[in-house]
Amino acid sequence: MKMTGAQAIIESLIQEGIEVVFGYPGGTILPTYDALFEKKDKIHHVLVRHEQGGVMAAEGYAKSSGKVGVCFATSGPGATNLVTGIADAMLDSVPLVCITGQVASSLIGTDAFQEADIVGITIPITKWNYQVTRAEDIPSVIAKAFHYATEGRPGPVLVDITKDAQMGMLDYNYKKHKPRISHAYDCPDIQFIQIADMLNEAKRPLILAGNGIGMSNAENDLLKLAEKATIPVACTLHGLHNFPSDHELFVGLLGMHGNYAPNIMTNQADVIIAIGMRFDDRVTGNLTKYAKQAKIIHIDIDHAEINKNVKSYIPLHTDAKYALTQLLRYVQPNRHEQWREKFKALHNEEYQKVILPELTMQKDIIRMSQVINMVSEKTEGKAIVVSDVGQNQMAAMRYYKFKQSKSHITSGGLGTMGFALPAAIGAKMANPDREVVCVAGDGGIQMNIQELAVIKQEKLPVKILLLNNNYLGMVRQWQEMFYEERYSFVDLVNPDFVALAAAYGIKSRKVSNPEELESAVTEMLASKEAYFLEVVVEKREKVFPMMPVGAAVDEIRLS
């Protein structure tokens, strides 16, 4: 079948099952947009207001659905505006295919108008990237892009396509990419028997559940293993939605602002089985003091993560679902009652010193924790919560009680402010029947606030919850605790957010009185349209527990 390179791009996306693309048109990608016009009944294009919004919307789409997110951008500034989102996706293992236009092949290297070496720029932050200069190469390169984005540990890929390649003709034939060497993740049974023996004999076992659990659709397998052997389960930031928060074996969140019990008990466990997580610094704290008493079993699909930060007693380079399924064959029932009682005692201590005071309503102030807890109760823990970065993120992960997988969407590894609003758009496009709540602070939301226009244009009933303290809250907390209260450039003089939302045609309300909070949250969640709720929260609120930089996990502070 004869077609142009641009038509081949669109047809290849259709062959890969792509239904939604986020993007922003420009000169060098115009042939592809022209071809997309012919197929707009098969692929829905979301016109973002900034290319960064496009790639982050694609991330939200991918994270909340398990599908590949796709975004378009033109050359030069359009392509370079994708860089932060691509780096974000790389660290958080998000499958993306980013397609950028490029100047004509004859102009490459001449510093032509809007030319930038986006392939060179993104080499360190993509799993794979490629520049196409011939129309006939487009189908095979697109096929490879989707393969590399999803094979093994997912991640972003970028395909840069010159304008003349988009306009050239080819005989179109699309075949899914089949690598010459396929990765096998099977492991000998003896390894699973050895791990099961360790778990069966352990007196103080602990499961650390990461993002890889959800990526391999192993949530039920994790639950079965934990229940069979009665092993406490602690979750990473991205793993929070992979284990029911109301389950008796759920012991909380790991890391710098995680729960008290799992951090303390990490340095008391005798066997730790870490699944689909990478032992990043926010989880481990001081590596020289991390779990030295424990035999660590590390299961990860990315061999580069094995023994990178923490030395494993038994490393297992394999898929989480496969590993858990195999372990279930050999792990024996157990109780570990005394071990679990220690978690309960520490949890009660955190509850009395931190959680209860934070959730107790007062007459004159509203806390972030109270707002998130109220949203959690009213949505029964079943909404998709898309949080930004900062104190709002910590409050969301601590006080929203997740009851459903693929529900916690945030920027973890890169910590990208401005992530939440565009990512919530992507999450809603992927999950039109689920409630999507964007949680942001007054600093982060202004980094991509222009995407409110997309919410209006697409008629997306996204609920935007702004926790406003007129500060860069997390930076202020650090300055207060570690920089002798020298508040250097963290005060924010903000716009009238309600008026701003109204200017975009979005229903909005501002609340500062605790007595009005419940009615405002109820009104927001009941709305059939998009809703912007600004809640004025305590100006100098701090998020605890907190593990200071350089501290060990068991040196986490409650105040």
Quiz item: In the stretch 173-198, how many residues are surrounded by 13 or more Cβ atoms within 10 Å (Cβ to Cβ) and not in a loop (DSSP other than H, G, I, E, B)?
Solution: 8
Self-check item: the stretch 323-364, residues that are of a type in the set (Val, Ile, Thr) and surrounded by 15 or more Cβ atoms within 10 Å (Cβ to Cβ)
Solution: 325, 331, 354, 355
Quiz item: Filter the stretch 23-41 for residues that are over 15 Å from residue 3 (Cβ atoms) and charged (D, E, K, R); which is surrounded by the fewest Cβ atoms within 10 Å (Cβ to Cβ)?
Solution: 41
Quiz prompt | Selection status of residue 113, more than 22 Å from residue 21 (Cβ to Cβ) and among the hydrophobic types (A, V, I, L, M, F, W, C) | solution = yes
Exercise. Six or more apart or on different chains, Cβ under 8 Å: which pairs go from a residue in the stretch 277-289 that's open to solvent by less than 90 Å² (accessible area, probe 1.4 Å) to one that's small (Gly, Ala, Ser) and not in a loop (DSSP other than H, G, I, E, B)? Could you list them?
Key: 277/209; 277/212; 285/552; 286/552
Quiz item: Here is a list of conditions, (1) open to solvent by less than 50 Å² (accessible area, probe 1.4 Å); (2) under 30 Å from residue 297 (Cα atoms), and residue 166 meets all of them except one; can you say which number that is?
Solution: (2)
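Against the definition (under 18 Å from residue 90 (Cβ atoms), touching a helix residue (DSSP H, G or I) at 6+ places or on another chain (Cβ under 8 Å), open to solvent by less than 10 Å² (accessible area, probe 1.4 Å) and of a type in the set (Asp, Glu)), how does residue 59 come out, yes or no?
Details: under 18 Å from residue 90 (Cβ atoms): yes; touching a helix residue (DSSP H, G or I) at 6+ places or on another chain (Cβ under 8 Å): yes; open to solvent by less than 10 Å² (accessible area, probe 1.4 Å): yes; of a type in the set (Asp, Glu): yes.
It is true that residue 59 is under 18 Å from residue 90 (Cβ atoms), touching a helix residue (DSSP H, G or I) at 6+ places or on another chain (Cβ under 8 Å), open to solvent by less than 10 Å² (accessible area, probe 1.4 Å) and of a type in the set (Asp, Glu).
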Exercise. Assess whether residue 19 counts as being in contact (Cβ under 8 Å) with a residue 12 or more places away in the chain, under 23 Å from residue 456 (Cβ atoms), surrounded by fewer than 18 Cβ atoms within 10 Å (Cβ to Cβ) and not β-branched (Val, Ile, Thr).
Key: yes
Practice problem: List every residue pair whose Cβ atoms lie under 7 Å apart, where the two residues are 6 or more positions apart in sequence or sit on different chains, the first residue falls within the stretch 229-253 and is at positive phi, and the second residue, located anywhere, is among the small types (Gly, Ala, Ser) and at pLDDT 95 or above. | Solution: 252/234; 252/258; 252/261
Quiz prompt | Any pair with Cβ under 8 angstrom, 6 or more apart, that starts in the stretch 476-503 at a residue that is over 29 Å from residue 451 (Cβ atoms) and open to solvent by less than 100 Å² (accessible area, probe 1.4 Å) and ends at one that is part of a loop (DSSP other than H, G, I, E, B) and among the aromatic types (Phe, Trp, Tyr) | solution = 479/487; 480/487
Exercise. Mind counting the residues in the stretch 399-420 that are open to solvent by 20 Å² or more (accessible area, probe 1.4 Å), touching a strand residue (DSSP E or B) at 6+ places or on another chain (Cβ under 8 Å) and closer than 19 Å to residue 283 by Cβ?
Key: 0
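Given the condition outside any helix (DSSP H, G or I) and over 18 Å from residue 273 (Cα atoms), answer yes or no: does some residue in the stretch 199-215 qualify?
no
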Quiz item: For the stretch 526-540, which residues satisfy the criterion of being of a type outside the set (S, T, N, Q) and open to solvent by less than 30 Å² (accessible area, probe 1.4 Å)?
Solution: 530, 531, 532, 533, 534, 535, 537
Quiz prompt | Single unsatisfied condition, residue 175 versus (1) of a type outside the set (A, V, I, L, M, F, W, C); (2) closer than 22 Å to residue 319 by Cβ; (3) touching a residue at least 12 places away in the same chain (Cβ under 8 Å) | solution = (2)
Self-check item: Considering residues of the stretch 435-446 that are in contact with a helix residue (DSSP H, G or I) (Cβ under 8 Å, 6 or more places away or on another chain) and not aliphatic (A, V, I, L, M) only, the residue most open to solvent (accessible area, probe 1.4 Å)
Solution: 435
Quiz prompt | All positions within the stretch 391-427 that are assigned to a loop (DSSP other than H, G, I, E, B), within 12 Å of the chain's Cα centre (by Cα) and of a type in the set (Gly, Ala, Ser) | solution = 407, 411, 412, 413, 415
Self-check item: All positions within the stretch 174-193 that are under 21 Å from residue 297 (Cα atoms) and either modelled with pLDDT of 90 or more or of a type outside the set (Gly, Ala, Ser) (or both)
Solution: 185, 186, 187, 188, 189, 190, 191, 192, 193
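Which of the following residues is modelled with pLDDT of 95 or more and within 30 Å of residue 96 (Cβ to Cβ): 265, 198, 215?
Working: 265 fails: within 30 Å of residue 96 (Cβ to Cβ); 198 fails: within 30 Å of residue 96 (Cβ to Cβ).
Exactly one residue qualifies, and that residue is 215.
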Quiz item: How many residues does the stretch 439-471 contain that are touching an Asp or Glu at 6+ places or on another chain (Cβ under 8 Å) and outside any loop (DSSP other than H, G, I, E, B)?
Solution: 10
Quiz prompt | In the stretch 506-517, the residues that are touching a residue at least 40 places away in the same chain (Cβ under 8 Å) and surrounded by 15 or more Cβ atoms within 10 Å (Cβ to Cβ) | solution = 506, 511, 514, 517
Quiz item: In the stretch 238-285, what residues are under 22 Å from residue 377 (Cβ atoms), in contact with a Gly (Cβ under 6 Å, 6 or more places away or on another chain) and either small (Gly, Ala, Ser) or assigned to a loop (DSSP other than H, G, I, E, B) (or both)?
Solution: 259
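Go through the stretch 292-382 and tell me which helices (runs of 4 or more DSSP H), entirely inside it, have 3 or more residues that are among the β-branched types (Val, Ile, Thr).
Numbers: elements: 320-330, 337-350, 356-359, 368-379.
In the stretch 292-382, the matching helices (runs of 4 or more DSSP H) lie at 368-379.
The values are calculated or read from the model by the stated rules, or taken from the named source; none is laboratory data. Keep in mind it's a predicted model, so treat the numbers as computed, not measured. Reconstructed Cβ throughout: ideal geometry from the backbone, glycine too, with neighbour counts over all protein chains shown. Heavy atoms of the whole protein, side chains included, go into the accessibility calculation; ligands, DNA and RNA do not. Shrake-Rupley method; radii C 1.70, N 1.55, O 1.52, S 1.80 Å.
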